[in-house]
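Visitor: I am attaching a structure below and will ask some questions about it afterwards.
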Amino acid sequence: MAAIEDYIREGNRLIKEHQPAKARRMFEQAVEESPTSAVALDGLAWTYYMEGKHEQARKLLERSLECDPQFAEAYTDLGCVLHDIGDINEAERLHRYCIKLAPHRHDAHMNLGILYLRSERMKDAEEMFARAIECDPSASESYLLLGETRIELRDYEGACEALEVCVKMDPGDMEADILLTHAQFERDRSLE
């Protein structure tokens, strides 16, 4: 069993380093060792998703859920795949189901917030990004997307607050820095 966990751990490390082909080899080894490992199947699916191979990712995620219908991560991952191929309603349902199974999953709130942001449901997006921050206050991307959403809502003060946290957490994030400058300009202009 330790070998499977080692393959999965290494595969996840390689995913974080944006090396899907190398990660795939690790997850394939894990699946070979344990063909019904929902975690290994999910990781393998994500390597295909990273390369835009949605159908392969979808099939593996569905297989992962057949192996373990309570594996929350596979629901939000499948939601990402379906969102990308245009099945917005099913994607939203899957993200919400993941949150129901695991209410503190940062990624599920983020993924649902991104779906809402792209669908121009700004108040819903704002709520999901705020919840993502509650789940994981150390994830700078949540503050970035919350700030971006608040700019769209013309809440420049709120956007500045979120983006200032993002810039403090990740001083090299040029997008956050640009959005913060924009939000500060708009906030100051509205006070004139």
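Every number here is computed from the coordinates shown, using simple stated rules; none is lab data. Owing to the predicted nature of the structure, the values given are computational and were not obtained by experimental measurement. Positions of Cβ are generated from backbone atoms using ideal geometry, with glycine treated the same way; all protein chains shown enter the neighbour counts.
Visitor: Residue by residue through segment 168-179, note down the ones that are part of a helix (DSSP H, G or I) and surrounded by fewer than 22 Cβ atoms within 10 Å (Cβ to Cβ).
Guide: Taking segment 168-179 and keeping what is part of a helix (DSSP H, G or I), we get 168-169, 174-179.
Scanning segment 168-179 gives 168, 169, 174, 175, 177, 178.
A quick yes/no check of all residues on (1) in contact with a helix residue (DSSP H, G or I) (Cβ under 8 Å, 6 or more places away or on another chain); (2) touching a residue at least 24 places away in the same chain (Cβ under 8 Å); (3) on the phi > 0 side of the Ramachandran plot:
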residue: 88; (1), (2), (3): yes, yes, no
residue: 100; (1), (2), (3): no, no, no
residue: 108; (1), (2), (3): yes, yes, no
residue: 117; (1), (2), (3): yes, yes, no
residue: 131; (1), (2), (3): yes, no, no
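Visitor: Here's another thing I want to ask about it. Going residue by residue through segment 143-162, is there one that turns out to be of a type in the set (A, V, I, L, M, F, W, C), closer than 23 Å to residue 38 by Cα and in contact with a Gly (Cβ under 8 Å, 6 or more places away or on another chain)?
Guide: Our first condition is that a residue be of a type in the set (A, V, I, L, M, F, W, C); within segment 143-162, this holds for 144-146, 151, 153, 159-160, 162.
From what is left, the residues that are closer than 23 Å to residue 38 by Cα are none.
No; the residues of segment 143-162 include none that is of a type in the set (A, V, I, L, M, F, W, C), closer than 23 Å to residue 38 by Cα and in contact with a Gly (Cβ under 8 Å, 6 or more places away or on another chain).
Visitor: Quick check on residue 63: is it of a type in the set (Lys, Arg) and touching a helix residue (DSSP H, G or I) at 6+ places or on another chain (Cβ under 7 Å)?
Guide: Spelling it out, residue 63 is indeed of a type in the set (Lys, Arg) and touching a helix residue (DSSP H, G or I) at 6+ places or on another chain (Cβ under 7 Å).
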